[in-house]
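What follows is a set of notes on a single structure, which appears directly below.
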């Protein structure tokens, strides 16, 4: 019985160390991928876009989407959206899907661009 309890304690300690260290190395280095021809939309404000954005990103503020503006691409085109924190890109994704766009990737926060290996202007 003491041996079983000792084994459980060792396992719990090892799991705790693994979780505290951030998990496995492969999880830390995972790169996300977009379709090569994906059109990237920045759904932040014009001021935020001017301060720095993904290279080749088109500006389409969430407020414009909420007022009915939509991407000019075909509804089956691969489209990716991002914003400052991920909130607006999530809203934009939902609105674009509701409008019939079928291939949307929500990158989320601007800081996630590097996970997709997307270069920025700043």
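The values are calculated or read from the model by the stated rules, or taken from the named source; none is laboratory data. In this text the structure is predicted, and so the values were computed from the model without any measurement. Positions of Cβ are generated from backbone atoms using ideal geometry, with glycine treated the same way; all protein chains shown enter the neighbour counts.
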Members of the stretch 42-55 that are exposed (fewer than 12 other Cβ atoms within 10 Å of the Cβ), touching a strand residue (DSSP E or B) at 6+ places or on another chain (Cβ under 8 Å) and part of a helix (DSSP H, G or I): 46
Could you tell me whether the stretch 83-103 includes any residue that is in contact (Cβ under 8 Å) with a residue 60 or more places away in the chain, out of contact with any helix residue (DSSP H, G or I) (no Cβ under 8 Å at 6 or more places or on another chain) and surrounded by 12 or more Cβ atoms within 10 Å (Cβ to Cβ)? yes
Of the conditions (1) in contact with a strand residue (DSSP E or B) (Cβ under 6 Å, 6 or more places away or on another chain); (2) under 14 Å from residue 32 (Cβ atoms); (3) surrounded by fewer than 17 Cβ atoms within 10 Å (Cβ to Cβ), residue 113 clears all except one; give me its number. (3)
Residue 22 modelled with pLDDT under 70 and in contact with a helix residue (DSSP H, G or I) (Cβ under 7 Å, 6 or more places away or on another chain): yes
Condition met for residue 88 (closer than 24 Å to residue 122 by Cα and assigned to a loop (DSSP other than H, G, I, E, B)): no
Looking at the stretch 56-84 only, could you name the residues that are farther than 15 Å from residue 38 by Cα and not in a loop (DSSP other than H, G, I, E, B)? 62, 63, 64, 65, 66, 83
Pair list, Cβ < 6 Å and 6+ apart or interchain, from the stretch 25-52 residues that are on the phi > 0 side of the Ramachandran plot to residues that are modelled with pLDDT of 90 or more and not in a helix (DSSP H, G or I): 52/120; 52/121
